[in-house]
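S.K.: Structure provided below as structure tokens; questions to follow.
The values are calculated or read from the model by the stated rules, or taken from the named source; none is laboratory data. Just so you know, these numbers come straight off a predicted model, no measurement behind them. Methodologically, a virtual Cβ is constructed for each residue, glycine included, from the backbone with ideal geometry; neighbour enumeration extends over all protein chains shown. The protein model used for the area step is the full one, side chains on, heavy atoms only, and it has no ligands, DNA or RNA in it. Shrake-Rupley method; radii C 1.70, N 1.55, O 1.52, S 1.80 Å.
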Amino acid sequence: MVLLAGLAAGWIDAVVGGGGLLQLPVLLMVPGITPVQALATNKLGSVFGTTTSAITYYRRIHPDLSTALPMAVVALGGSFGGAIVATLLPAEVIKPVILLALVGVAVFTAARPQLGRDTGLRYEGRRHLAVALLIGAVIGFYDGVLGPGTGTFLVISLVAILGYTFLQGSAQAKIVNLFTNLGAIAFFLPSGHILLGLGLVLGVANMIGGYLGARMAIRRGSGFIRIVFLVVVFVLIVKLGYDFVADWA
């Protein structure tokens, strides 16, 4: 189950993000594992997939590194801080906020079929960089605290707020997501929360899924990514909605 979840999660993450939707629940089913260990081990597995897909995108799409790299560095710091908070704050506290945000993202994307088809940057110069850094810090923090849907939020932010195509947004999101995973690992590894054997096995499956997903996204283009994006967002809404209701039941 872990291998299958890792393979599927790597593919989903490479296309639009949101692979943690599959990967994290399966890890939580491992006997004796704690929620923090599952979150930490999920990060180790994911970093292999995001590295593979980021390299694949970079070689074929050549994403805008002048935006992606500063955004990624800030996101790394945000993720490190979020990982610290994850050991103190129950995930149930922020799930309702994330659920509402996802519903808004789904409605916004579905209502604008032309969104992400063509590049039309909305900001220039320092303002563009400032908005990108703010996005990186906020989403990086979320990735450290909870994680699932991070790539999805990165893609829609790069497309809807900054004005990239879905293909360019996915390519840059992989670079930023790689750094957010590294930021969380920088805290979780020394603190002993990562199950190394399980994480490395998960990482191999993630690498294969990430490579296949990135290749398919590049070949199919922005229209395909938009469809997968809406499907993943819908499933995330259902999953988090179910968790929210279960927590209150």
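S.K.: Working only within segment 103-117, note down all residues that are closer than 13 Å to SER157 by Cβ and either surrounded by 16 or more Cβ atoms within 10 Å (Cβ to Cβ) or over 18 Å from the mean Cα position of the chain (by Cα) (or both).
M.R.: Within segment 103-117, VAL105, PHE108, THR109, LEU115, GLY116 meet the criteria.
S.K.: Within segment 169-191, can one find any residue that is open to solvent by 10 Å² or more (accessible area, probe 1.4 Å), more than 22 Å from ILE139 (Cα to Cα) and part of a helix (DSSP H, G or I)?
M.R.: no
S.K.: So, of the residues in segment 194-233 that are assigned to a loop (DSSP other than H, G, I, E, B) and open to solvent by less than 50 Å² (accessible area, probe 1.4 Å), which turns out to be farthest from ALA75 (Cα to Cα)?
M.R.: GLY221
S.K.: Then there is this: Looking only at segment 134-153, filter to residues that are hydrophobic (A, V, I, L, M, F, W, C) and over 18 Å from VAL15 (Cβ atoms); which one of those is most open to solvent (accessible area, probe 1.4 Å)?
M.R.: Residue satisfying both the conditions and the ranking: LEU134.
S.K.: Here's a follow-up. Mind listing whichever residues of segment 118-133 are open to solvent by 80 Å² or more (accessible area, probe 1.4 Å) and touching a residue at least 24 places away in the same chain (Cβ under 8 Å)?
M.R.: Hits for segment 118-133 are ASP118, THR119, LEU121, ARG122.
S.K.: Provide a single number: the residues in segment 1-53 that are of a type in the set (A, V, I, L, M, F, W, C), closer than 13 Å to ARG215 by Cα and either open to solvent by 10 Å² or more (accessible area, probe 1.4 Å) or outside any helix (DSSP H, G or I) (or both).
M.R.: Qualifying residue count, segment 1-53: 3.
S.K.: Further, regarding this structure: Specify which of the listed residues (ALA106, ALA72) is closer than 23 Å to ARG60 by Cα and either free of Cβ contacts under 8 Å to residues at least 12 places away in the same chain or in a helix (DSSP H, G or I) (or both).
M.R.: It is ALA72.
S.K.: Filter segment 209-249 down to the residues that are more than 18 Å from the chain's Cα centre (by Cα) and hydroxyl-bearing (Ser, Thr, Tyr) and list them by number.
M.R.: Residue satisfying the conditions is TYR242 alone.
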